[in-house]
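The numbers here are math on the coordinates, done by the rules we state, and not lab data. The structure displayed is predicted, hence computed values, not measured ones. Using ideal geometry, Cβ is built from the backbone for each residue, glycine included, and neighbour counts are taken over all protein chains shown.
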């Protein structure tokens, strides 16, 4: 019964229908809600005259009645509507269905002081469910028939809820009712009956019945028989076939139905009940199939779980047979299985959720229709029977064969081929059972487009000209520069890749392979690449302090602040021997610039060496000091002037940093035990300008010392 509750609630207020009326589109609406969403449309007056009269303006821009479709499918019913011409415009609110709902007007004056207001002219009502618009006639909402049959269904539903079988006199949590007094029409639990309804005096003659019997007696309370909307004193006696509505005797004699074909009300009632029952039989079969389908889907979830466990066990067993070579690949393959597992479960669970909602709606409609069939009011039944029959047929058509077909299979279409030789295990991958296309051919490296620059390498490749096998992507592999194992550096669909961060003065081997759903191709020929012996680089504006000023293609820097600011080089070093120089282009007022190396996250607004991310030598016109983490060491005589040259030598083989001034070593080895990634660095203020020189050979003083060692 709970599924039917959606059929019994108003789409505007969201509550059970109160005094429901039937719209020409066959949908229902509370009478109060219909009154709240009424909108006045313009009458025969012109738009200019209405604007001149100061009447309220609606968002319809005074559409003429002959241009307004009374049953327009395109009319959404949304918008901000103005009030009637006789009342000021009031703001409106949105109902849960998105329909604009006007707040109730101020209470009218007492009836003794003011006559009842006339109905508004040309009022427009938009159905909140199908969004069709209707212009009301002079009768207003009284022109719509009252759905008394729906009221009866709602009464029975509310009386049949659990709350109706609980004691009505308990003060706190109502207990379950034990009896009902037919004369008092009250449900009592046993304590309340003994206290409030003792079997003596006048109460001794009252008849106490079980709660269920009392509920039935409440259901049998008589309801008012529906009357004709045009002739309120007449009951419906015939059925107009052309208008598909019950009519009274006066409608046939003098009303608009006088020339229409009519049939006996009882005969049509029985005919439509029979049609609705037949339609319900088909829908019931569909609902039964849907329930069986849901059981099948739930069984599929369990079967997928079992197949997943079985498949994983088989996969682990195969991987254990090749334990040494398969350890790394095993985790990747298990991840693929789990993803397939989760994908299958998601598809099935989504289909279960969709089918459950649809079945719930179908069950609610069926229960509602069965309750309607129980009614003995022919007129009320015929008012809604056509719409219900259409809804039942439409719902049955929605349960097509495709809806009750699983969208996912329980099998895992994956097969692990464990036949290749041990040296090919790193190519091991799933082979889908249903794919028969071959693996791609090995790619061809385009030597004319492959090159190196500094410590980066660019590689380009292509498929063989006559190859027709589809390729999904490529895998580029490089060794470590010392003849070690290959590692993946790129996976994707592009046929060109630039690899940065390589070691200087190193030899790398590169190879590429293609892959698709079937498998992986053999490797291409191996290409040997040689990185630059020395580094060519410039200063990096992206990582420098904002006060640094760049010129000469970012090789010359100065500063616009009296405080020290840091600028880094574009290239970082983690291996090899590197030497660069900085010439002093301007040197005023004896500042003390600093030169050295730093991490990428060094402080940019302090002298180089103030934190633990930099290793530097700062120097004035007379002497120099080494500084790291704000620790000053090794004061050395000899300074810089305009035109001087400061050299920085970073030897990451010996892990040392050495400085020179005018090609002579300045002090001892400045720093030792250096390890990691280092960037050339300088700190200066506005009194200094320096120019960077890179790609230089190792100075003689260091070369001779290295030879002696």
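Values as computed for the structure displayed
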item: Residue 328-residue 673 FRET efficiency (beta carbon distance; Förster radius 45 Å; 0.05 resolution); result: 0.85
item: Separation of the residue 550 and residue 25 label points, Cα + 7 Å toward Cβ, nm; result: 6.4 nm
item: Relative contact order computed over the stretch 265-398 (Cα-Cα under 8 Å; 6+ residues apart), in percent; result: 53 percent
item: For the stretch 557-571 versus the stretch 499-526, the gap between their alpha-carbon centres in whole angstrom; result: 39 Å
item: R0 of 56 Å, Cβ-Cβ distance residue 302-residue 469: FRET efficiency to nearest 0.05; result: 0.90
item: Residue 641 paired with residue 258, simple spin-label distance in nm, labels 7 Å along Cα-to-beta-carbon; result: 12.7 nm
item: Gain on full stretching of the segment that runs from residue 182 to residue 32 - 0.36 nm per residue minus C-alpha separation; result: 50.6 nm
item: Projected label distance in nm at residue 411 and residue 482, using a 7 Å step from Cα toward the beta-carbon; result: 5.1 nm
item: Kirkwood-type radius of the stretch 454-579, with distances r between different C-alpha atoms, in Å; result: 17.5 Å
item: Virtual paramagnetic centre 7 Å along Cα→Cβ of residue 458, amide N under 18 Å, in the stretch 471-498; result: 490, 494-498
item: Ranking of 537, 550 by count of other Cβ atoms within 10 Å, fewest first; result: 550, 537
item: Ranking of 532, 385 by count of other Cβ atoms within 10 Å, fewest first; result: 532, 385
item: Cα centroid of the stretch 575-622 to Cα centroid of the stretch 657-690, whole Å; result: 6 Å
item: FRET efficiency, 1/(1 + (r/R0)^6) with R0 30 Å, evaluated for residue 653 and residue 536 via beta carbons; result: 0.90
item: Relative contact order (percent, whole number), the stretch 436-530, Cα cutoff 8 Å, 6+ residue spacing; result: 36 percent
item: Sorted by Cβ density within 10 Å, fewest first, the residues 604, 172, 493; result: 172, 493, 604
item: Shape call, the stretch 551-709: gyration tensor on alpha carbons, a/c limit 1.5; result: rounded
